[in-house]
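Novice: Starting off with a structure, shown below.
The values are calculated or read from the model by the stated rules, or taken from the named source; none is laboratory data. Every value quoted in this text rests on a predicted model; they were computed, and no experiment measured them. Counting neighbours? That spans all protein chains shown, and the Cβs are built from the backbone with ideal geometry, glycine included. To get the accessible areas, we keep the full protein, side chains included, count just its heavy atoms, and leave off ligands, DNA and RNA. Shrake-Rupley method; radii C 1.70, N 1.55, O 1.52, S 1.80 Å.
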Amino acid sequence: MGTSPEIIMILFVAVGCFMAYPEAVSSKHTGITRHYTFNIKLKNITRLCHTKSIVTVNGKFPGPRVIIREGDRLVVKVVNHVPNNISIHWHGVRQLRSGWADGPSYITQCPIQTGHSYVYNFTITGQRGTLFWHAHISWLRATVYGPLIILPRRNESYPFVKPYKEVPILFGEWFNADPEAVINQSLQTGGGPNVSDAYTFNGLPGPLYNCSAKDTYKLKVKPGKTYLLRLTNAALNDELFFSIADHSLTVVEADAVYVKPFETNVLMITPGQTTNVLLTAKSTAPNATFLMLARPYATGMGTFDNTTVAGILEYETPSSSLKNRPLLKPGLPAINATNFVANFTSKFRSLATAKFPANVPQKVDKKFFFTVGLGTKPCPKNQTCQGPTNTTKFAASMNNISFSLPRTALLQSHFFSHYSKRVYAIDFPPFPQIPFNYTGTPPNNTLVNNGTKLVAIPFNTSVEVVLQDTSILGAESHPLHLHGYNFYVVGQGFGNFDPENDPPKFNLVDPVERNTVGVPSGGWVAIRFQADNPGVWLMHCHFDVHQSWGLGMAWIVLDGELPNQKLPPPPSDLPKC
């Protein structure tokens, strides 16, 4: 992709897209091993007439696409040539018994230091579709991200019409400033961070921004052909609406899980989510070109990047005259269209077929209720802060615990348990310690507690978590991501969750299966999962600003009794802190 806006087709009948990796090892039954090398290096990139040095993979922005099949093993050697520490997260990959390869810094590994390398080695089991990879330390994923495309097993087809071409489109955010400086300043002053200067399609901001017309993503289509758009929201801090003028989209997959197809003119996608849609071009080439637009869905009190990224959909025709064609523009919902978002998200349903079942836990062993939202912490002595008051800093928490990253990786501490008590505690509260009217008038005391607190659960526990937004410092939508698992979204609603009246309405038949879910602004969402993957798994808000402020926690899923239910020891090259 790089700075070039061309579309690269993925062909299923050919193995051409894999020929660049001759070290792939073939096996008849289990898939093959695919090798990639990620060189983390600085590259000068210009956008919006600002040239700056950014952290990249192999000098590409966005980074290279990784293409594999279900059942394949992926081996990626990451070599760090930059001053920053780095780690790579394979977002949405189940990582069954391969938690050492999950990637979040200080959770499953210490980061890769300058001049060092680490090999991520894992197998894609029971997943196919679009995921993505990104840096998982501080705000480096602003520039370090790329698509992870999992094709079906050989000789297996999609449960929808085979597309003529497949096109990855990654939504991102561009900062003229250094994103690391932006978050560091925010954490020091306690105020909200400066917002991005543009949104991007595949790294390109498009013609609605100053000095950016030449950096416009173009999607060229042939009349009558069907295209699979693999959409990923890799933006740091913004949920986005997306639409293409005068074209409808058919949603067929979310977070690398097939869904019951439905049509929409507008979709909303939160950071961390992927959505595959079918776009069928008109049967004859119209005398027009069409804008593709994305702009934020924003519910919080704080500032946000209120701009719009545009790309262009144009039809390939024998006539070369594009200049006189009208340019059509799609309509997008209001910035804070919470009801539209609720209606849209309620349309997602699992296929729930014999081949692609929805294995929703019908009985629950352990129930949890987590509040998610903002809060404050005291300003250090002799310092004026820029939080809600000049004596406080912004913070974020779950059940009023603001998550503190340890100095050594949690998974290591857990595995070599002789020193774990010095690193973390397993007393994360399963319910709020002081219940209140979560979406009503907020309490006067907004201070949070800090800690590295986890929940430990036995292997194969069936878990239900209700995630409740709070109105402390303003109700807001929060995209929550769970590492190492998919979960089923069995219910959602506005206001306070009602433990008597809401559970009977849960969908336990065909709820959508995801790895990232938006907790509705001023509402709640209920998820269920089977804890069948031993290890330490982070659950956090995928707004990087909220994660930086502490909106997260982690689960320890203990080993089972059988050999294939235990976490293997770490690889010899696991980075040291």
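Novice: Could you work out how much longer the chain between residue 155 and residue 303 gets when fully extended? Use 0.36 nm per residue separation minus the Cα distance between them, nm to one decimal.
Specialist: The residue 155-residue 303 span can extend by a further 48.4 nm.
Novice: Follow-up question, since we're still on this one. Once you compute Rg and the Kirkwood Rh from C-alpha atoms, what is the Rg to Rh ratio for the chain?
Specialist: 0.94
Novice: Which of the peptides 351-363, 282-294 is most tightly packed, and how do the rest follow, judged by the mean count of other Cβ atoms within 10 Å per residue?
Specialist: Top to bottom by mean Cβ count within 10 Å: 282-294, 351-363.
Novice: Okay, next question. Using only Cα atoms, locate the centre of the stretch 83-98 and the centre of the stretch 106-160, then give the distance between them in Å, rounded to an integer.
Specialist: The stretch 83-98 and the stretch 106-160 have Cα centres spaced 6 Å from each other.
Novice: What does DSSP give for the stretch 29-157 in terms of the percent of beta bridges that are antiparallel, rounded to the nearest 5?
Specialist: 70
Novice: Separate question: Whole angstrom only: what separates the Cα centroid of the stretch 317-374 from the Cα centroid of the stretch 419-473?
Specialist: Result: 28 Å between the Cα centres.
Novice: Rg(Cα) of the stretch 160-350 divided by 2.2 N^0.38 Å?
Specialist: Rounded to two decimals, the normalised Rg is 1.07.
Novice: While we're here: With N residues in the stretch 29-157, what two-decimal value do you get for its Cα radius of gyration over 2.2 N^0.38 Å?
Specialist: For the stretch 29-157, the normalised Cα radius of gyration comes out at 1.08.
Novice: For each pair in 282/355; 393/576; 60/225; 347/505; 60/282; 52/165, compute the distance between the two Cα atoms and list the pairs where it is over 26 Å.
Specialist: Table pairs above 26 Å Cα-Cα are 282/355; 393/576; 60/225; 60/282; 52/165.
Novice: A further question follows. Under a point-charge model restricted to the Cβ atoms of Lys and Arg (+1) and Asp and Glu (-1), what is the dipole moment magnitude of the stretch 29-157 relative to its Cα centre, in debye to the nearest 20?
Specialist: 260
Novice: With a 1.4 Å probe and all protein chains left in place, how much accessible area per residue does the stretch 29-157 have, in Å²?
Specialist: 30
Novice: Could I ask something else about it? How large a share of the accessible area of the chain, in percent, is made up of carbon and sulfur atoms when the probe is 1.4 Å and the other protein chains stay in place?
Specialist: 52
Novice: How large is the accessible surface per residue of the stretch 366-557, computed with a 1.4 Å probe and reported in Å² as a whole number?
Specialist: 38
Novice: Would you work out the relative contact order for the stretch 106-150, in percent, from Cα pairs under 8 angstrom that are 6 or more residues apart?
Specialist: Relative contact order, the stretch 106-150: 34 percent.
Novice: Can you tell me the accessible area per residue over the stretch 160-350, all protein chains present, probe 1.4 angstrom, in square angstrom?
Specialist: Per-residue value: 36 Å².
Novice: To continue, here is another question. What is the stretch 366-557's relative contact order, in percent, from Cα pairs under 8 angstrom and six or more apart in sequence?
Specialist: Across the stretch 366-557, relative contact order equals 27 percent.
Novice: Based on DSSP, what percent of beta bridges with both residues in the stretch 366-557 are antiparallel, to the nearest 5?
Specialist: 70
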